[in-house]
There are 2 protein chains.
Amino acid sequence: MKQNIYDNEQFFKGYEEIRNRKFNYNNLLERPNFLALIPDLHGKVILDVGCGKGDFANDCMEKGALQVDGIDISRNMIAAAKRNYKKERLHFQQAAIEDFVLSDRQYDIICSSLVLHYVADFEAVIEKISNAMRPNGIFLFSIEHPISTANKGKEQWIKDEAGELSHFVVDRYQHEGERSQHWLVDNVVMYHRSMATIVNTLIGSNLQIEKIIEPVPTNEAIEYLPTLQKEHRRPSFLIMRARKSN
Amino acid sequence: MKQNIYDNEQFFKGYEEIRNRKFNYNNLLERPNFLALIPDLHGKVILDVGCGKGDFANDCMEKGALQVDGIDISRNMIAAAKRNYKKERLHFQQAAIEDFVLSDRQYDIICSSLVLHYVADFEAVIEKISNAMRPNGIFLFSIEHPISTANKGKEQWIKDEAGELSHFVVDRYQHEGERSQHWLVDNVVMYHRSMATIVNTLIGSNLQIEKIIEPVPTNEAIEYLPTLQKEHRRPSFLIMRARKSN
């Protein structure tokens, strides 16, 4: 069963509240590092997997993309995207990546931001994405970092007697699979995979790694949002750019 | 100053004792996974960086290599290698990789087992190695895993009140650089680098990642050496194979 947590009313409300904050992990940490790896978009045909409310898809159009398809499992998100952005050659569709119909060699660029840790069959989805890419195409994605997902749902940050953060726990690293946690609501399910699995799955689907980023916050970002200091101690996110090799 | 800890008498004695044990982390975990990534060696010209007593270099000759050069910073190791193995086209030399003179496009395969975490200037050494490789050549190395090196010298395994292992600590992940620890003797210095730095340094030197292994012990290995069970909880080693792309 594919998880559609973003259409849970309580979750969506909490999520909106976080994303609407002026300073959050997305806009201070994940976004700038993700955007730094975006190639030239002029004339490109792009798929955004997990497009949310369509901001990034629309930005791609503004930056010269020929066509952008945005998909998202959430009805809420796709409804908002369609309301927010109306452009020729900018399409939004409610669909999970597992169900979305993709033709061979359809896209120049496929992007996915903080979505693929929700996917149960990572290998099948990566193979599907790779098949839909044109030779030399770019696949750019971010995901929760394996260091961060390994022991999710159990102990992560340990506090000392004074209530200060003492250290971060890594455990169950080689036990890949479901991690259930409370995030806004109970039982948000994601999947932990090792770095080796992530990298080798891409390579096995003819996607050559070009760059890995484990985002480090700038000093300015830490001033805005002091909890970002923790990112020096262990990475929350992993961003990868890969190129289709044939 | 390049570290030559293996010529410290006390260290060498302790190291010998560990390596001579029938079951250790090397022969049960690192070796089998490293060897699994070795390509066909027939007719190949090979460099082994940190060859120790020359066992692997000699194995390469036995498996059909045309020529094997083994270098090691340790006088002790090179003396043993020269004593143990005498073959035409099998050469041993006492040298740090930083000082060893390499010609362009000299080698088909360069190997290095558990050495590069001792190197201060990783980028310079990787560039040097890449330059010495023939187009399409293979670079295969193992290194202590970034999860394992991040907080080395400070807290790593935390024990509970009963003295059992509770969990493993990751901290200071983004603070790359020296880690000093007691291992057989005081102040053994190694260098922590993030996964992103390791991968991006290779790619920046035209070495395309082909495979990553974070070794998991077999059940049989755990029967021989029960402490290997910990490897399910966090990886000690990282093994990578990369191909020279031009």
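The residues in segment A:74-98 that are in contact with a strand residue (DSSP E or B) (Cβ under 7 Å, 6 or more places away or on another chain) and not polar (S, T, N, Q) can be counted, and the count is 10. Looking only at residues in segment A:143-159 that are among the hydrophobic types (A, V, I, L, M, F, W, C) and under 30 Å from A:Ser112 (Cβ atoms), the one that is farthest from the other protein chains (Cβ to nearest Cβ) is A:Ile143. In segment B:160-177, the residue that is surrounded by the fewest Cβ atoms within 10 Å (Cβ to Cβ) out of those that are more than 9 Å from every other protein chain (Cβ to nearest Cβ) and at pLDDT 95 or above is B:Gly177. Scanning segment A:208-243 for residues that are of a type in the set (A, V, I, L, M, F, W, C) and either in a helix (DSSP H, G or I) or more than 8 Å from chain B (Cβ to nearest Cβ) (or both) yields A:Ala221, A:Ile222, A:Leu225, A:Leu228, A:Phe237, A:Leu238, A:Ile239, A:Met240, A:Ala242. For segment A:75-95, the condition holds for no residue, the condition being that it is closer than 27 Å to A:Pro215 by Cα, in a loop (DSSP other than H, G, I, E, B) and not polar (S, T, N, Q). Take the conditions (1) crowded, with 17+ Cβ neighbours inside 10 Å; (2) in contact with a Pro (Cβ under 8 Å, 6 or more places away or on another chain); (3) more than 10 Å from every other protein chain (Cβ to nearest Cβ); A:Asn246 misses just one of them, which is (1).
The residue pairs whose first member lies in segment B:181-207 and is within 14 Å of chain A (Cβ to nearest Cβ) and at positive phi, whose second member is of a type outside the set (D, E, K, R) and surrounded by 17 or more Cβ atoms within 10 Å (Cβ to Cβ), and whose beta carbons are closer than 8 Å, counting only pairs six or more residues apart or on different chains, are B:Asn206/B:Ser130.
B:Phe56 fulfils the conditions (1) over 30 Å from B:Ile222 (Cα atoms); (2) buried (at least 18 other Cβ atoms within 10 Å of the Cβ) except for a single criterion, (1). In this structure, A:Ile138 does satisfy being buried (at least 20 other Cβ atoms within 10 Å of the Cβ), of a type in the set (A, V, I, L, M, F, W, C), within 30 Å of A:Asp40 (Cβ to Cβ) and in contact with a Lys or Arg (Cβ under 8 Å, 6 or more places away or on another chain). Of all positions in segment A:13-30, none carries a residue that is within 24 Å of A:Ala132 (Cα to Cα), within 19 Å of the chain's Cα centre (by Cα) and either among the basic types (Lys, Arg) or at pLDDT 95 or above (or both).
The values are calculated or read from the model by the stated rules, or taken from the named source; none is laboratory data. These numbers come from a predicted model, not from an experiment. When we count neighbours, we look across all protein chains shown, and the Cβ atoms used for this are built from the backbone with ideal geometry, even at glycine.
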